[in-house]
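The values are calculated or read from the model by the stated rules, or taken from the named source; none is laboratory data. A quick note: this is a predicted structure, and the numbers were derived from the prediction, not measured. Counting neighbours? That spans all protein chains shown, and the Cβs are built from the backbone with ideal geometry, glycine included. Remember, those area values only see protein heavy atoms, side chains included, never the ligands or the DNA or RNA. Shrake-Rupley method; radii C 1.70, N 1.55, O 1.52, S 1.80 Å.
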Amino acid sequence: MRTEDDWSERLTHSGEEAPRRFAALSALFDPGTIRHLLQCGVARGWRCLEVGGGGGSIATWLCDRVGVDGEVVVTDVDTRFLDTLSHPALDVRRHDAGRDPLPDRPFDLIHTRLVLNHLPERDSILEKLAGVLKPGGWLVVEEFDSESAPPDPAAYPGEVLLKTYAAIPRALACRGVDRRYGRLLFGRFRELGLASVGAEARTFMVHGGSPGSALVRATCERLRQDMIDAGEVSDQEFDDDMARLGDPDFLMPSAALWAVWGRRPLSPEFTRVECESHEAVSHQPSAISHQPSAES
Ligand SMILES: C[S@@+](CC[C@H](N)C(=O)[O-])C[C@H]1O[C@@H](n2cnc3c(N)ncnc32)[C@H](O)[C@@H]1O
């Protein structure tokens, strides 16, 4: 059970850095996300759900895509940025994905990015999301695997494992964050009985002064006091590491962002045993026959 003091509460947008963090997320990841959503065939008239919509860039894109005949329900525990958006298809809801019931009218497409790994209820949320898909509807979830590609100074001298970065795993584990959740998603989708399950990871080099380093910095700064209190870094070491993140020679591989997609089987009896082989990745536009059903 979460407490008011835990990480998911602080994951919300308190702090002046929030617009910069959302801008960095959008710049780094929206193009890949949009590619995956297009491959699901999202089109005019679809009813979509975006969970933990943050700055709203993907919800905005979805609204333009589904048009006035469609609907985009976008949720967040903190809707202050979403409330500034305006589109006839948009329905902004303050909603805690771990605690509040989901809308019961089903969706053609559900997407969430970088939300579930922070929430201890992540697996049960996934199950609930799968449960509010229309038959044939798509679930697309994107989460980090932050553990698989550490910096390697043998590859390039500017690749340095910052002491502050090395302190992140413990600080996040204490808060119930699963830094590998992206890596586990494919298996979870299969266990849920979703069909046409597929996955792709995106990773890139974070270099000093880039949107990627701004994102790393934002994470470190949220954990600063905890790391210092735990004796893992001193104030001076923390500040030196943050300065390195601005150094053009600094390099580190990004966390891998896994995008995993799957669809609710078309047959009315959606059960956990109906899982298809992922080799038939019908995630390609040509293979999609997923149109909004009469429920739209
Ligand atoms: C790392 S940001 C990601 C934002 C956006 N999905 C993106 O990728 O640009 C995490 C978002 O999850 C939201 N969030 C945190 N806990 C949540 C919860 N329990 N239910 C719904 N949203 C939550 C935060 O407010 C924040 O907007």
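What's the local net charge at Thr60, with K and R +1, D and E -1, over the other residues with C-beta under 12 Å away?
Result for the local shell: -2.
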What percent does the relative contact order of region 4-295 come to when contacts are Cα pairs within less than 8 Å and at least six residues apart?
-> 22 percent
Which listed residue (Ala218, Gly176, Pro248) has the Cα farthest towards the positive end of the charge dipole for region 172-254, taking +1 on Lys and Arg C-beta and -1 on Asp and Glu C-beta about the Cα centre?
-> Gly176
Karplus couplings for region 201-209 from phi (6.51 cos²θ - 1.76 cosθ + 1.60, θ = phi - 60°), rounded to Hz, Gly and Pro as x?
-> 10, 10, 9, 7, 8, 8, 10, x, x
Can you give the accessible area of Thr219, probe radius 1.4 Å, in Å² rounded to 10?
-> 50 Å²
Accessible area of region 4-295 divided out per residue, in Å², using a probe of 1.4 angstrom = 43 Å²
Distance between modelled label sites at Asp100 and Asp249, nm, 7 Å Cα→Cβ extension | 5.0 nm
Check Val74: other-chain or 5+ apart residues with amide H under 5 Å from its amide H, H built from backbone geometry?
-> Glu50, Asp91, Val92, Arg93
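So if I take the alpha carbon set of region 117-266, get Rg, then get Rh from the Kirkwood formula, what is the Rg over Rh ratio? Show your work: numbers first, answer last.
Working: Rg = 17.9 Å, Rh = 16.9 Å.
Rounded to two decimals, Rg over Rh is 1.06.
For region 4-295, what is the convex hull volume of its Cα atoms per residue in Å³?
It is 130 Å³ per residue.
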Over region 4-295, what is the percentage of antiparallel beta bridges among all DSSP beta bridges, to the nearest 5?
-> 45 percent
Just in region 28-119: which trypsin sites (Lys or Arg not before Pro) are loop by DSSP and have at most 15 other Cβ atoms within 10 Å?
-> Arg44, Arg80, Arg99
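Given a 1.4 Å probe and every protein chain left where it sits, what share in percent of the accessible area of region 42-150 is carbon and sulfur?
Answer for region 42-150 is 49 percent, counting heavy atoms of protein chains only.
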Modelled FRET efficiency - R0 45 Å, Val68 with Ser267, Cβ distances, 0.05 increments | 0.90
Label Glu191 and Phe204 with points 7 Å out from Cα along Cα→Cβ: what is the distance between them in nm?
-> 3.2 nm
Over 20 Å, how big is the tail of the calculated P(r) for region 80-164, in percent of all Cα pairs?
-> 54 percent
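Sort 224-232, 101-109 for me by packing, meaning the mean count of neighbouring Cβ atoms within 10 Å per residue, highest on top.
Going by the mean number of other Cβ atoms within 10 Å, highest first, we get 101-109, 224-232.
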Within the under-13-Å Cβ sphere about Phe250, not counting Phe250, Lys/Arg +1 and Asp/Glu -1 give a net charge of -3
